[in-house]
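The values are calculated or read from the model by the stated rules, or taken from the named source; none is laboratory data. None of these values were measured; they are calculated from a predicted model. Counting neighbours? That spans all protein chains shown, and the Cβs are built from the backbone with ideal geometry, glycine included. Only protein heavy atoms, including side chains, enter the accessible area calculation; ligands, DNA and RNA are left aside. Shrake-Rupley method; radii C 1.70, N 1.55, O 1.52, S 1.80 Å.
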Amino acid sequence: MSRIVVLGDGQLGKMLKHAGMPLNHDVLPQNLDSESLIAISPNDILTVEREHWPTTAVTDHLEDHASQFANLDAIRVMNDRKTQKATLDHLNISTAPWAPIDQQPATELAQQFGQRFLLKKRSGGYDGRGQMWCTAETIIDAEWQGTSIAEAAIGFEEEVSLVGMRDATGNVFFYPLATNLHIDGQLMATFADLPKYRSLQSQAEEMLTKLLEHFDYRGVLAMECFVVGEQLLVNELAPRVHNSGHWTQAGAHFSQFEAHLRAVSGTPLSQPKTVGNTLMINLVGVDLDPAWYAVSGSQVWWYGKEVRTARKVGHININADDFSNLADPASTILSTMPKPYDEVLDWVKELLAI
Ligand code: AMP
């Protein structure tokens, strides 16, 4: 049995704890604001459920144990978009054209990146926060200077993500590419796996393998990409379990949470087998509806948070043995939900070509 201490105790930490049970691992998510510090013993393994953290007594205490902390160097590179993008460039992995922002006026950035471009905060942004769409006329406030990067707008067909894992001896394994729907920068749904993107799987695996090996990484690493024709452009990396991998809880013979725990603890990994097709729907600002449990193939994960607009409070995985059997349960569940879930339903219908 390993004791695995997790920096953070949000839903990802809790789902790691849940996945630790059959492995007989004692997984201990840490509340970052807690006043009491856990005593770290030499055999403990430290990992994260988030890549950005404030300086608190708890985070200081965990960072003091750097040698037991899985992937700490990789996390420090990836938690800043500037160093993350520079690493991707260094490894010749394609991304959206980008540049760090200093004093450049929007007119100059528009010349470099096109009429419409995007500013992204170097750290701390998530779920579409910390982003601003700009044109040559935008006045860029001092708050963005030195703290963000500019990126060209990509006219992508679809967004996909690859969740990969690397074990202590350097073996790498991957789930199939999943297709994601974002609305206003926030992930709303993920579908795995779409036959039309299977031809991109080896390209994606090559890209992620380079990163896993570059960082001598141990654990789960997620890579979000834009699909442009036959090419993948990396949008973002997450050095942890990722929302776009939640479908693996119902759609694979072991989930990304179990994969991460096995990799960091030295428990062997194997190629995860997928089971049918899975649609993951994020529950954003919606109340729990017991009717969801009555839908065959559905698996509801409720995080126990107070429901607020734009707040992620749970997710539902709907699994079916094939495409045609997903349409009905997906529309039964999605039609109980308010706007913008009508857009999610349209997206699902288009993917399933109903
Ligand atoms: P991010 O915070 O980088 O994951 O971005 C959130 C979402 O904003 C992405 O999933 C895309 O839907 C959109 N987005 C981000 N970067 C770009 C870009 N360069 N061009 C077009 N859309 C983007």
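Details
- Checking each residue in segment 302-321 for being open to solvent by 30 Å² or more (accessible area, probe 1.4 Å) and either in a loop (DSSP other than H, G, I, E, B) or within 22 Å of LEU177 (Cα to Cα) (or both) picks out TYR303, GLY304, LYS305, GLU306, VAL307, ARG308, THR309, ALA310, ARG311, ASN319, ASP321.
- Entry remark, segment 212-247: residues being within 11 Å of the ligand (Cβ to nearest atom), over 12 Å from ASN180 (Cα atoms) and among the polar types (S, T, N, Q) number 1 in total.
- Residue that is nearest to the ligand (Cβ to nearest atom), among those in segment 164-178 that are open to solvent by 10 Å² or more (accessible area, probe 1.4 Å), of a type outside the set (S, T, N, Q) and assigned to a loop (DSSP other than H, G, I, E, B): PRO176
- Some residue of segment 91-105 being of a type in the set (Ser, Thr, Tyr), modelled with pLDDT under 95 and either open to solvent by 40 Å² or more (accessible area, probe 1.4 Å) or within 26 Å of the chain's Cα centre (by Cα) (or both): no
- Subset of segment 119-129 (residues that are open to solvent by less than 30 Å² (accessible area, probe 1.4 Å) and either modelled with pLDDT of 95 or more or in contact with a Lys or Arg (Cβ under 6 Å, 6 or more places away or on another chain) (or both)): LEU119, LYS120
- Condition check for GLN145: without any contact (Cβ under 8 Å) to a residue 60 or more places away in the chain and open to solvent by less than 40 Å² (accessible area, probe 1.4 Å): no
- Of all residues in segment 130-142, those being open to solvent by less than 40 Å² (accessible area, probe 1.4 Å) and under 14 Å from ALA106 (Cβ atoms) number 4.
- Checked against (1) of a type outside the set (S, T, N, Q); (2) under 22 Å from LEU221 (Cα atoms); (3) surrounded by 13 or more Cβ atoms within 10 Å (Cβ to Cβ); (4) in contact with a helix residue (DSSP H, G or I) (Cβ under 9 Å, 6 or more places away or on another chain), GLY13 passes all but condition (4).
- Residues that are of a type in the set (Val, Ile, Thr) and open to solvent by 20 Å² or more (accessible area, probe 1.4 Å) were ranked within segment 16-64; the one that is farthest from VAL313 (Cα to Cα) is ILE40.
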